[in-house]
Structure formats: structure tokens, C-alpha cells
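Structure first, commentary second.
Quick note: the coordinates plus some simple rules give every number you see, no bench work behind them. These numbers were taken from a predicted model, which means no experiment stands behind them. FYI the Cβ positions are ideal-geometry reconstructions off the backbone, even for glycines, and counts take in every protein chain you see.
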Amino acid sequence: MRVLVVGASGAIGTRLVPQLMEHGHEVTGTYRSPGHAGRIRALGAEAIPLDLLDAGAVRRAVLDTRPEAIIHQATALANIRFSRSLDRSFAATNRLRTEGTDTLLAAAREAGVRRFVAQSFASYRYAREGGMVKTEDDPLDPAPPAAARETNAAMRHLDQAVTDAGGVALRYGGFYGDPDDGLIGPVRKRQFPIVGDGAGVSSWIHLDDAAAATVLALGHDGPGLYNIVDDEPAPVREWLPVLADALGAPPPRHVPAWLARLIAGQGAVIMGTQSRGASNAKARRELGWTPRYPTWRQGFTAAYGPAGQRPSPAAGRPVL
Ligand SMILES: NC(=O)c1ccc[n+]([C@@H]2O[C@H](COP(=O)([O-])OP(=O)(O)OC[C@H]3O[C@@H](n4cnc5c(N)ncnc54)[C@H](OP(=O)(O)O)[C@@H]3O)[C@@H](O)[C@H]2O)c1
């Protein structure tokens with residue numbers, strides 16, 4: 001298939017492009033930052049600049065490249081400063097998930113694109129009641145923390161718009177496997193603590209596995225919603241010490257919930273103590289996907305341990 005990957009120069013994009021090409025797809029990838037074309041061209045794909053918030057440019061790009069499929073992987077989380085307000089940190093990404101998705105879907109419709117796959121998110125979104133591991137049929141959190149309301153609404157919008165259009169939304173777990181992963185710095189510096197009892201559950205996914213599931217989703221009729229997460233959703237108190245160990249960092253600190261609320265806000269407390277993880281049973285069953293790293297226990301060590309250090313696909317590449 002002729003595939004247009006929007007956000008091909010990013011963490012998942014640079015893993016996805018080679019896997020698509022290995023499966024015989026012809027890939028055009030988009031980038032936003034001047035200088036990131038080389039990341040895509042070095043992978044053997046065509047590269048075009050594109051701002052997803054420029055509706056005219058999106059329309060032209062889609063009509064010019066005439067793709068049979070579009071994969072939306074655009075986010076704007078590089079170098080963001082995490083504050084008490086997740087919505088402030090995610091503001092640009094939220095626009096890419098709402099306006100950007102709508103613009104891309106409209107262009108896809110006009111150009112008669114048959115397949116549409118988009119990046120969504122699984123962790124910390126499901127209703128904080130009942131079991132700790134949720135399927136795609138379970139309700140989303142009806143009352144997300146105040147500081148993350150817009151972010152949750154943007155993800156809902158994307159899920160709905162994409163599936164309404166007959167596409168596939170992939171609710172990925174937290175990405176890991178890149179030397180630039182956002183959690184590495186704070187965990188190394190012991191700035192990411194276990195809050196309260198640390199019972200909040202996270203779901204993780206190695207970037208290579210996320211890319212592999214995306215290739216499979218492209219061959220699947222929509223509409224569809226899939227959790228793309230590993231086999232072991234786990235409480236923070238379990239995965240965080242393993243991540244610290246894999247990084248050669250000291251064990252994480254423990255912080256009482258009241259103190260975390262004071263310093264980082266209610267959202268951080270909810271994430272650390274109440275959040276739910278996600279089940280990958282549907283993706284395994286319907287997409288025929290099997291993660292190469294079934295659990296973060298081996299994945300963190302493979303990614304960050306002494307034997308696992310490897311440059312990211314984007315690193316060390318020519319910039320133009
Ligand atoms: N599920 C998760 O845990 C999750 C999800 C997303 C991101 N992250 C992590 O966050 C970190 C940095 O994230 P990031 O958001 O910068 O993601 P990224 O994966 O590095 O890149 C996102 C992609 O979107 C493109 N992009 C940005 N703004 C755009 C716009 N206005 N129009 C069109 N395309 C645009 C970027 O282009 P340029 O490269 O040219 O700027 C890039 O190709 C990475 O470590 C990543 O793993 C995690």
C-alpha cells in the first residue's frame with residue numbers, strides 16, 4: 001500500500017517506517033521540525049514537511065501523495081516541561097489530536113483514502129472503579145483530574161472521530177525503548193517517587209512492539225479501538241523499582257499522598273494510586289499481534305540495561 005505517515009520523524013514514526021517498508025509498503029513520511037527530513041530519508045522513505053494544524057497544507061499533502069492509507073502519529077511532547085497542569089503541558093498535542101485529526105480525516109475523505117490509523121493512549125484513562133485492568137469496552141474515566149480534563153477530552157475526540165470515520169485508533173501504553181524517553185531523567189535523579197501505596201496501575205509498550213502492532217492494524221478493517229500494551233499492567237510500586245534498577249539508578253523515594261498532592265497536584269496522586277491499566281487481549285486476538293517484549297520486566301532491562309543500550313533509529317543520522 002502507499003502509506004502516508006504523519007509524524008514519521010518521531011519516536012514511534014522512526015520505528016514504524018522501516019517496519020512498514022519491510023512489509024512491502026511504499027512510505028511517505030512527514031516531519032515538522034526543520035532538519036528532521038533526514039531522519040525519514042535515512043530510513044529509505046520519502047519525506048515531506050507538514051504542519052498538521054495548517055488545513056490547506058494537509059489537504060495538498062494528501063491530495064498530492066494520494067495515499068491508500070494514512071497513519072497519524074503526530075504529537076508535540078518533545079522538550080515539554082511537565083507542570084502541575086497536564087493540560088498546559090499537552091496543549092499543543094491536544095490540538096494535534098482534535099483539530100489535526102479532523103483536518104487529516106477531512107483530507108482523507110476527499111482523497112478517497114481507504115485506511116486510517118491514529119495514535120491514542122491507554123494508560124490512566126479508564127474509569128477508576130472495579131478491576132485494575134480494563135478492556136476497550138470498559139468506560140473511560142468520567143471525572144479525570146481537573147488538570148487533565150482537556151487532555152482526556154482530546155483523546156476521546158480522537159478515538160471517536162477516527163472510529164466514526166471507519167478508522168482504527170490505537171491506545172498505546174506508555175512508550176519506552178528510546179534513549180530519550182521522558183521518564184529516564186526523573187527516575188535517574190530520584191524525582192519520580194512511589195506515591196502513597198503505589199497501587200495505581202500503568203500499562204507499558206516497547207516502541208518496537210507498538211510499531212509492529214501498527215503495521216498489523218493497517219491490514220485490518222475498521223472501525224476499531226485497540227489497547228496496544230504489554231501483557232503485564234502493573235502498579236507503580238512494582239515497575240518503578242525495576243526501571244530504576246535497569247537504569248542503574250538508586251531505588252525510588254516513597255512520598256505520602258498528601259505531600260505529593262501539595263507538590264505535584266491531585267493528578268499525580270490519582271496516577272500513582274488509583275489509575276487503571278489496560279488489557280491487550282483484543283489486539284492479540286483480532287490483529288494477530290504478539291509483543292516481542294511481553295512484559296516491562298524484560299523490556300526495561302533490554303532497553304536500558306548495559307547490554308540493551310542501542311542508539312535510537314533517529315540518533316546519529318544526517319540531519320538533512
Ligand atoms: N504513548 C506514549 O507514551 C507517548 C506518546 C507520544 C509521545 N511519547 C514520547 O514523548 C517523547 C517526545 O514526544 P513527541 O511528541 O515529540 O513525539 P515524537 O514521537 O518525538 O514526535 C512526534 C511526531 O509528530 C511530529 N509533529 C510535531 N508537531 C507537529 C505538527 N504541528 N504537525 C505535524 N507533525 C508534527 C514530529 O515532527 P518533528 O520530529 O519534525 O518535530 C514527530 O514526527 C518521546 O520520547 C515519545 O516516546 C510517548
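Taking springs between alpha-carbon atoms closer than 10 angstrom, which of 122, 210, 91 fluctuates most in the Gaussian network model of the chain?
91
Please quote Rg/Rh for the chain to two decimal places, taking the Kirkwood radius as Rh and restricting both calculations to Cα atoms.
Working: Rg = 18.8 Å, Rh = 19.8 Å.
When Rh is taken as the Kirkwood radius, the ratio is 0.95.
Between region 121-161 and region 28-99, how many Å separate their Cα centres?
Measuring centre to centre over Cα atoms gives 23 Å.
Have a look at 145, 235, 186 and tell me which one the Gaussian network model of the chain (Cα, springs below 10 Å) gives the largest fluctuation.
Largest GNM mean-square fluctuation: 186.
Among 157, 254, 36, which one shows the biggest mean-square fluctuation in a GNM of the chain, springs joining Cα atoms closer than 10 Å?
Of 157, 254, 36, the Gaussian network model singles out 254 as fluctuating most.
For the chain, give the share of DSSP beta bridges that are antiparallel, in percent and rounded to the nearest 5; count only bridges with both residues there. Walk me through the numbers on the way to the answer.
On the way: 3 of 37 bridges.
Here the share of antiparallel DSSP bridges comes out near 10 percent.
Which FRET efficiency value, to the nearest 0.05, is calculated for residue 59 and residue 143 with the Förster distance at 30 angstrom and r the Cβ-Cβ distance? All intermediate terms of the calculation are to be shown ahead of the outcome.
Working: r = 38 Å, r/R0 = 1.25.
Step by step, r from the Cβ atoms, then E = 0.20.
Test of understanding: what is the full-extension gain from residue 26 to residue 83, defined as 0.36 nm times their sequence separation minus their Cα-Cα distance?
Numbers: separation 57, 0.36 × 57 = 20.52 nm, distance 4.01 nm.
Here the answer is 16.5 nm.
Tell me, how many Å apart are the Cα centres for region 179-247 and for region 275-305?
The distance from the Cα centre of region 179-247 to that of region 275-305 comes to 8 Å.
Given q = 0.08, 0.12, 0.19 Å⁻¹, what are the Debye log10 I(q)/I(0) values for region 37-192, with equal point scatterers placed on the Cα positions and solvent ignored?
Values returned for q = 0.08, 0.12, 0.19 Å⁻¹ are -0.27, -0.61, -1.33.
Which value in deg cm²/dmol, rounded to the nearest 500, describes the helix-derived mean residue ellipticity at 222 nm for the chain, given -39,500 (n - 2.57) per DSSP H run of n ≥ 4 and division by the residue count? Show your work: numbers first, answer last.
On the way: 14 runs with 122 residues, N = 320.
Calculated from helices alone, the mean residue ellipticity at 222 nm is -10500 deg cm²/dmol.
Which percent, to the nearest 5, of DSSP beta bridges fully inside region 111-262 are antiparallel?
If we restrict to bridges inside region 111-262, about 15 percent are antiparallel.
Just flag the GluC sites (Glu not before Pro) in region 109-204 sitting in loop per DSSP whose Cβ has no more than 14 other Cβ atoms within 10 Å. List each step's numbers first, then the result.
Values: sites: 110, 129, 136, 150; in loops: 129, 136.
Answer in residue order: 129.
Please list, short to long, the whole-number percent of alpha-carbon pairs of region 177-216 in consecutive 10 angstrom bins beginning at zero.
With a bin width of 10 Å, the distribution comes to 22, 41, 28, 9.
Give, as a single signed number, the net charge of other residues whose beta carbon lies under 9 Å from the beta carbon of residue 15, with Lys and Arg counted +1 and Asp and Glu -1.
Working: positive: none; negative: 178, 208.
Net charge in that neighbourhood comes out at -2.
Restricting the count to DSSP beta bridges whose residues both fall in region 3-152, what percent are antiparallel, rounded to a multiple of 5?
On the way: 1 of 17 bridges.
The answer is about 5 percent antiparallel.
Compute the Rg/Rh shape ratio of region 20-93: radius of gyration over Kirkwood radius, all on alpha-carbon atoms.
Expressed as Rg/Rh, it is 1.03.
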